[in-house]
Amino acid sequence: MSDRPLGLAPASVRDYRELARRRLPRQLFDYIDGGAYEEATMRANVADLGSIELRQRVLRDVSELDLATNILGCEMSMPVALAPVGLGGMFARRAEVQAARAAEAAGVGFCESTVSICGMEEVRAATQRPFWFQLYVMRDRAYTEDLMARAAAVDCPVLVLTVDLPVVGARYRDVRNGMSGRLGPVRKLRRGADLIRHVGWVRDVAVGGKPHTFGNLEKAVPGGTNPEAFKEWVDAQFDPSVTWDDLAWVRDHWRGKLVLKGVLDPDDARLATEHGVDGIVVSNHGGRQLDDTPSTTSALPAIVEAVEGRTTVLVDGGVRSGLDVVKLLALGADGCLIGRAWAYAVAAGGEAAVAHVLRIIRNEMKVALSLTGCRSVAELDPSVLLGP
């Protein structure tokens, strides 16, 4: 963990992680930062990306670089989108709005989470560029239909259906910090003391960031962001009976592009293409669901081979730099989603910090392209890698 003084300017996502750690109450930082069980998969997401070496080449004309791309019909200045992050508005005041604005200004995508604090209508009113919407299929199908209708009404072109959460993984940090389960008197006192130590967050978010409700789920979660109310809603609404047959039902209620998020196995990737989805996200939920599963970096090549170009392949998990993006594109991904990277940034410094992280990633991508002898992201393929 970095011990960089707060007075120095952040230069990387890792720096923003440290700033977020200092600014947020412990339970909120651990919610962003933690994973399932012993967090082995979460660590592998980062480590496996870091183990891949780039093949440096020289004397290539790289005077002009092109990072632009089109993903699922959406023009982007680089193949990066901000991933859906639940409870974002608890990290900074109206954080989803701030992040969406930063993404729009940078010309990249933003995906609104079902469990965002800011509702999709609030985000749409604050932006000009249509954003994507992430959805869970809930037991209350009428409410799920309503969410899809609302997403269509605010011009969302892409629905990202998360399919790796039939049940919630065991996240030990959340249990210890009271994000899930009930707190006894002593732990409540400790949490109160922690809040007192983070007066900046209390002033900006706890007081200034209201209303603290799940903007997309106000009817479903009457307890607002109360962890116990949210846990009760999760237990009651996440549907472990959802199967491939339910995709037809989703298609009947959604006319835009449909992406499945949470694909980690080549056989599931093949099934996704057979069911006609427009894209998949190779994802292990940031290591927050089932531990000891493959990292997304290790799973990606076999999935790219399995789909044979028949659908768009996106990937998330462990992406902390522009070099990481270049590596994943070289392994066959069409684009990357970044989650923790923007969550750390918005917690540390709001919209300006998210914008800065996107500039960092863009500049790092340009350096990586230049020094691997590539002039555009379209030229990236396994030949620029030395291997894991």
Checked against (1) within 26 Å of ARG340 (Cα to Cα); (2) at pLDDT 95 or above, GLY215 satisfies every condition except (2)
Consider the stretch 162-197. How many of its residues are at pLDDT 85 or above and either closer than 19 Å to VAL123 by Cβ or among the polar types (S, T, N, Q) (or both)? 1
Among the residues that make up the stretch 170-177, is at least one of them of a type in the set (S, T, N, Q), crowded, with 19+ Cβ neighbours inside 10 Å and out of contact with any strand residue (DSSP E or B) (no Cβ under 7 Å at 6 or more places or on another chain)? yes
Any chance the stretch 135-158 includes a residue that's farther than 24 Å from LEU247 by Cα and either modelled with pLDDT under 95 or of a type in the set (Lys, Arg) (or both)? no
Pick from the stretch 289-304 the residues that are in contact (Cβ under 8 Å) with a residue 40 or more places away in the chain and touching a helix residue (DSSP H, G or I) at 6+ places or on another chain (Cβ under 7 Å): which of them is farthest from TYR172 (Cα to Cα)? ILE303
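Listed here are the residues, each with its yes/no results for (1) in contact with a Lys or Arg (Cβ under 7 Å, 6 or more places away or on another chain); (2) closer than 12 Å to VAL13 by Cα.
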| site | (1), (2) |
| --- | --- |
| ALA306 | yes, no |
| ARG310 | no, no |
| LEU314 | no, no |
| SER321 | no, yes |
| VAL325 | no, no |
| LEU329 | no, no |
| MET365 | no, no |
| THR372 | yes, no |
| VAL384 | yes, no |
Here is a list: ALA333, ALA347, ALA306, ALA299. Which entry is over 14 Å from PRO79 (Cα atoms) and surrounded by 24 or more Cβ atoms within 10 Å (Cβ to Cβ)? ALA347
Being buried (at least 21 other Cβ atoms within 10 Å of the Cβ) and on the phi > 0 side of the Ramachandran plot narrows GLY322, GLY373, GLY318, GLY339 down to just GLY318
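The values are calculated or read from the model by the stated rules, or taken from the named source; none is laboratory data. What you see is a predicted model; the values in this text were computed from it and never measured. Neighbour counts are summed over all protein chains in view; Cβ atoms, including those assigned to glycine, are modelled from backbone coordinates with ideal geometry.
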